[in-house]
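Take a look at the structure set out below.
None of the figures in this text is laboratory data; all of them are computed from the coordinates on show. Predicted model only: the values in this text are computed from it and were never measured. All Cβ positions, even for glycine, are placed from backbone atoms using ideal geometry, and neighbour counts span all protein chains on display.
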Amino acid sequence: MDKKTDILTMYLPELEEYFCSIGEKSFRAKQIFEWLHTKRVFDFSKMTNISTQLKTTLEKDFCINKLNILKKLESRVDDTVKYLYGLNDCQAVEAVLMKHNHGNSLCISTQVGCKMGCSFCASTKAGFVRNLSPSEMLMQLYQSEDDSKRKVNSIVLMGIGEPLDNYDNVIRFLYILRDGAGMSLRNVSLSTCGIVPKIYELAKLKLGVTLSVSLHCANDDGRSKIMPINTKYSLLELMQACKDYFKETGRRISFEYSLIDGVNDDYKSASQLIGLLKGFPCHVNLIPINPIKERNFKKSKSSKNFQKALTDAGINATIRRTLGQDIQAACGQLRAEEILINNNA
């Protein structure tokens, strides 16, 4: 039996081509596209302006893969909601819905696991399994909005996985998010640990996406110890890619810097970061690190002093507001617990 096509991954022109190939008018494509991405109806039988015969054909040729909510944790402190979504192959990923003054943001996953190996990150502990499809990324948005009854105003690709390591699927997701769900890509932040060639590819597309670079250390030796990607693409190469991204797109870069006690939070580290970024239009997001059971890393006590050193040097820097601490809102922690439970079952 032929495998059904995942219809949520299809661009509108691809749907138009399909309908023409089966003898239908091309406008049917727009109808189906709107049912899926605007009206969020994921059952062909409930699409009221489609004939019974066409519904049968769609059921035969296509699948619509929904996610299962395995766990849902709701913060009693700040309205953060964390979802553990089950996929069709029994894998699981996380999405976190956060409330801000400017609206709601959703942090989504782009891979099952991660192969980047950053030593302070919970997402990498269980290793890499596979890439997520565009539809699995979209469904994190669609089902989180439906379950929470909250409109998502911005998307952050900063959950489990390295987005630029799943480049083709992420780009397809972004185009469908824009053209189908109607979200401006200026409201999307894409986080990367620094896959330099893909930064250049992304820049050429000029999508308006904010590039958020996980930096975490401002010298090659120190960064290589906690982020293996740095042994492949040095800070010099990464910073040149960031400058070229800004030049190509006009979009200011955001640098993520997790403050780890005794590792990268002293005055010398701040001075190195100032030397690396001074004069470059950017924003530094200082992150109080979430302790991980399997690591010895501890949250820094120097966050405010580190921030002051940067701002005194003319670098825009803020300390990220900690959200959802009472529900393990750091990416990877809930999935890691689920894997441990299943392994012990």
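Things worth noting here:
- Projected label points at Lys66 and Lys46, each 7 Å from Cα along the beta carbon direction, are separated by 0.7 nanometres.
- Least to most buried among Tyr11, Tyr257 (fewest other Cβ within 10 Å first): Tyr11, Tyr257
- Rounded tilt (10° steps) of 167-179 against the dominant C-alpha axis of the chain: 60
- ³J(HN,Hα), Karplus 6.51/-1.76/1.60, whole Hz, each residue of the stretch 267-280, x for Gly, Pro: 5, 4, 5, 5, 5, 5, 5, 4, x, 6, 10, 4, x, 9
- Label-point separation, Ser184 to Arg252 (7 Å along Cα→Cβ), nm: 1.6
- For the stretch 214-227, 3J(HN,Hα) per residue [Karplus equation, 6.51 cos²θ - 1.76 cosθ + 1.60, θ = phi - 60°, Hz, x = Gly/Pro]: 6, 9, 6, 6, 10, 9, 5, 4, x, 5, 5, 5, 9, 9
- Applying 1/(1 + (r/R0)^6) with r as the Cβ-Cβ distance of Arg130 and Lys304 and R0 = 51 angstrom yields a FRET efficiency of 0.80.
- With the cut-off at under 16 Å, measuring from each backbone N in the stretch 184-220 to a point 7 Å along the Cα-to-Cβ line of Lys115 picks out 193-198.
- Close amide H partners of Phe297, meaning residues 5 or more places away or on another chain with modelled amide H under 5 Å apart, are Ile292.
- Restricting the calculation to Cα atoms, every distinct pair contributes to the Kirkwood radius of the stretch 5-63, found to be 11.3 Å.
- Think of the stretch 68-344 as a dipole: +1 on every Lys or Arg Cβ, -1 on every Asp or Glu Cβ, centred on the Cα centre; then among Ile287, Met158, Ser105, Ile287 lies furthest on the positive end.
- Convex hull volume of the Cα atoms of the chain, normalised per residue: 151 Å³.
- For the chain, a Gaussian network of Cα nodes joined below 10 Å ranks Asp147, Asp79, Asp168 by mean-square fluctuation, and the top entry is Asp147.
- In order along the stretch 56-63, the Karplus-derived 3J(HN,Hα) couplings, from 6.51 cos²θ - 1.76 cosθ + 1.60 at θ = phi - 60°, round to 4, 5, 5, 4, 6, 9, 10, 10 Hz, and Gly and Pro are given as x.
- Counting only Cβ charges, +1 for Lys and Arg and -1 for Asp and Glu, the dipole size of the stretch 5-63 around its Cα centre is about 280 debye.
- Looking at the stretch 207-248, the pairs of alpha carbons with a distance over 17 Å make up 32% of the total.
- Think of it as helices only: each DSSP H run of n ≥ 4 in the chain is worth -39500 (n - 2.57), and spread over all residues that comes to -11000 deg cm²/dmol at 222 nm.
- Among Leu54, Leu238, Leu174: highest mean-square fluctuation, GNM of the chain, C-alpha pairs under 10 Å: Leu54
- Residues Arg321, Arg130, Arg251, Arg28, sorted so that the one with the fewest Cβ neighbours within 10 Å comes first: Arg321, Arg130, Arg251, Arg28
- Along each principal axis, Cα extent of the stretch 179-231, largest first, Å: 43, 18, 15
- Residues in the stretch 161-199 that a label on His283 would reach, taking backbone N under 16 Å of a point 7 Å out along Cα→Cβ: 185-192
- For the stretch 62-80, the residues whose backbone nitrogen is under 17 Å from a point 7 Å from the Cα of Gln31, taken along Cα to Cβ, are 62.
- A simple spin-label model places the labels of Lys99 and Ser234 4.9 nm from each other, with each point 7 Å out along Cα-to-Cβ.
- Burial ordering of Thr52, Thr9, Thr38, fewest other beta-carbon atoms within 10 Å first: Thr52, Thr38, Thr9
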